[in-house]
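Every number here is computed from the coordinates shown, using simple stated rules; none is lab data. Small disclaimer: the values here were computed from a predicted structure and weren't measured. Counting neighbours? That spans all protein chains shown, and the Cβs are built from the backbone with ideal geometry, glycine included.
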Amino acid sequence: MKRPKLLEKKTVFKGFFDVCQDLIQRADGETFTYTHFVLPVSAVVILAQDAEGRFVLNREYRHPIGNDLLGCPGGRLEPGEDPLVGGLREFQEETGYTSDEIEQIGVSYPFPGLCNQKIYFLAAKNARPSGNGKQDLDPFEFIQTELKTEADLRAEIARGDRVDGLLITALGYRMLKNSQSE
């Protein structure tokens, strides 16, 4: 496959993420503008279960869709931060829970047509309330932590309830990991 040539890169907005417009040239010489987001750091998602096997999930208001979604705790990593360390930090901040049993189960680029974001997927076992068990949310985070059995989670997904796609991806990675263990 012949890749396009980058002729010019221009940042048109700087903020939580940058918006860039690149001038790209195809092999046939035709040029076009490609607009995309650039995120300075990767992110992490944690699919955690407590000692009873219930999933520790977030119901979070997501402003771009004007509604809440059921999803995994997670967030942006600090520059150079180990995904396991950042995952536990985000898990504690968003849910008030922690775990001593955490592992990476996958990595993906969920929006490669729009942005460069890389997401690490982690699984945690035996999650339990940490310290004071309280959330430490950012001002723009509106999160309610919920414990769900696998049957309840599957039923919610099957009904077509509002579920974050990253939760579905995390469940897929978990399924692959479990099938390799058998």
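Couple of notes before you dig in:
- In plain terms, the chain from Ser130 to Leu147 could stretch by 4.6 nm, reckoned as 0.36 nm per residue minus the Cα-Cα distance.
- Using just its DSSP H runs of length 4 or more, each adding -39500 (n - 2.57), the chain gives a mean residue ellipticity at 222 nm of -7000 deg cm²/dmol after division by all residues.
- With the simple spin-label model, which puts each label point 7 Å out from Cα in the Cβ direction, the Phe13 to Arg26 separation comes to 2.7 nm.
- Of all lysines in the structure, the ones whose alpha carbon falls short of 25 Å from that of Lys10, not counting any fewer than 8 places away in one chain, are Lys2, Lys118.
- Difference of contour (0.36 nm per residue) and Cα-Cα distance, Leu39 to Arg154: 38.2 nm
- Antiparallel %, DSSP beta bridges [both residues in the chain], to 5: 80 percent
- For Ala51 and Asp161, a Förster radius of 25 Å and the Cβ-Cβ distance give a FRET efficiency of 0.45, rounded to the nearest 0.05.
- Normalised by the number of residues in the chain, the average gap of Cα pairs under 8 Å and 6 or more apart makes the relative contact order 23 percent.
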